[in-house]
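Written below as structure tokens is the structure these notes are about.
The values are calculated or read from the model by the stated rules, or taken from the named source; none is laboratory data. This structure is a prediction, so every number in the text was calculated from the model and none was measured. We place every Cβ from the backbone using ideal geometry, glycine too, and count neighbours over all the protein chains shown.
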Amino acid sequence: MTHNVALSFADGKTLFIAVKPGELLLDAALRQGISLPLDCREGVCGTCHGRCESGRYEQEYVDDEALSAGDLAQRKMLACQTRVQSDATFYFDHDSSHCHAGEPLRLQSTVLRAEQVSASTAILHLDASAQADTLQFLPGQYARLQVPGTDQWRAYSFANRPNAGNQLQFLIRLLPDGVMSNFLREDCVPGLTMQLEAPLGSFYLRQVERPLVMVAGGTGLSAFLGMLDEIAERGGCTHPIQLFYGVNQEADLCETARLEALCQRIPGFEFTPVVSQPGAGWSGRSGYIHEHFDAARLNAEPFDMYLCGPPPMVEAVKGWVADQAPGQVQIYAEKFLQSATTRA
């Protein structure tokens, strides 16, 4: 039985390899055409160092000048000395181009439907089952989609976990005059072909080893839907999970029924919607997300925080954490903009 291993790089690209039982991670990568940086291959130089983000592994000899005891406690590893014991994810702090790894997978999909789920949001459903193998990505990552009939590409987070049928979902904000938004409103019909590139991005679910706080702004919820689907599929986790979901108006809220269902599937999961510009009929939380954090609760023990949304929201939350919970949190963040460079 082989292990499915993701190699994630600083440029946001992720490559998947199969690792045989007892095989060194470095050897498995080289066997599949991924030239991880190396030198001594004896656990001394530290050239092939990375960090295990999830999964089980063991290392053979690691010189203390290559990785300190503190490094090892942070799950840092040497690819030349690492034997994987489960499906896993490893992060390397250099570009994938250094490994001669090639381009992300490009494939064709078929539009199933575009479903408007709030006043400002649609879910695009794609069928990529023509791809023989399961499209592999880490929950939280994104794909680039080509708008049919144009040369324009836009990036969106997967709103689901990988699945054998390659049925894909993307939560998309409907802009007043965006190339993808106009396509979804005016020209999107079932059966159209849409090209996509994936997987991309360094924002993804790590191994859950302490409480999680997830903060979603608008369609930043998409990445968390994929993460939560993955956690639910694994049978939940032993740590509490809080999701704060912020929108401008209550009409912008979407997928709340899905979140309620996830509360039933994941013990210890709760979500809090926050509306920044509420109408007279809104009785829930209002204002900015960070105004509703419970400092006493968050300071009770170290936690991991995942942020996905507009830059002002991400920066405001980071500022609150720096003031109210210094040293308590590991932050993983994804900002998106209304442009082709990130999210649109």
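Here are a few things to note about the model shown:
- Filtered residues of segment 1-15 (kept if aliphatic (A, V, I, L, M) and either over 26 Å from residue 332 (Cβ atoms) or surrounded by fewer than 16 Cβ atoms within 10 Å (Cβ to Cβ) (or both)): 1, 10
- Verdict on residue 18 being in contact (Cβ under 8 Å) with a residue 12 or more places away in the chain, surrounded by 19 or more Cβ atoms within 10 Å (Cβ to Cβ) and either of a type in the set (A, V, I, L, M) or in a loop (DSSP other than H, G, I, E, B) (or both): no
- Cross-chain or 6+ apart pairs with Cβ under 6 Å, segment 263-275 first and touching a residue at least 40 places away in the same chain (Cβ under 8 Å), then part of a strand (DSSP E or B) and aliphatic (A, V, I, L, M): 269/241
- Note on segment 219-258: residues that are part of a helix (DSSP H, G or I), without any contact (Cβ under 8 Å) to a residue 40 or more places away in the chain and more than 26 Å from residue 280 (Cα to Cα) total 2.
- Per-region count, segment 46-58, residues touching a helix residue (DSSP H, G or I) at 6+ places or on another chain (Cβ under 6 Å) and surrounded by fewer than 18 Cβ atoms within 10 Å (Cβ to Cβ): 0
- Selection count, segment 294-329, where residues are of a type outside the set (Gly, Ala, Ser), surrounded by 13 or more Cβ atoms within 10 Å (Cβ to Cβ), at pLDDT 85 or above and not in a helix (DSSP H, G or I): 10
- Any strands (runs of 3 or more DSSP E) falling wholly within segment 58-128 and containing at least 2 residues that are of a type in the set (A, V, I, L, M) and over 19 Å from residue 36 (Cα atoms): 105-118, 121-127
- Residue that is farthest from the chain's Cα centre (by Cα), among those in segment 32-82 that are of a type in the set (Ser, Thr, Tyr) and either modelled with pLDDT of 95 or more or within 19 Å of residue 94 (Cα to Cα) (or both): 47
- Candidates 205, 200 - the one that is closer than 30 Å to residue 101 by Cα and either of a type in the set (Lys, Arg) or surrounded by fewer than 22 Cβ atoms within 10 Å (Cβ to Cβ) (or both): 200
- Subset tally (residues that are farther than 20 Å from residue 142 by Cβ and assigned to a loop (DSSP other than H, G, I, E, B)) for segment 181-218: 10
- Of all residues in segment 84-103, those being of a type outside the set (Phe, Trp, Tyr) and buried (at least 19 other Cβ atoms within 10 Å of the Cβ) number 6.
- Scanning segment 24-45 for residues that are within 24 Å of residue 206 (Cβ to Cβ) and surrounded by fewer than 17 Cβ atoms within 10 Å (Cβ to Cβ) yields 32, 37.
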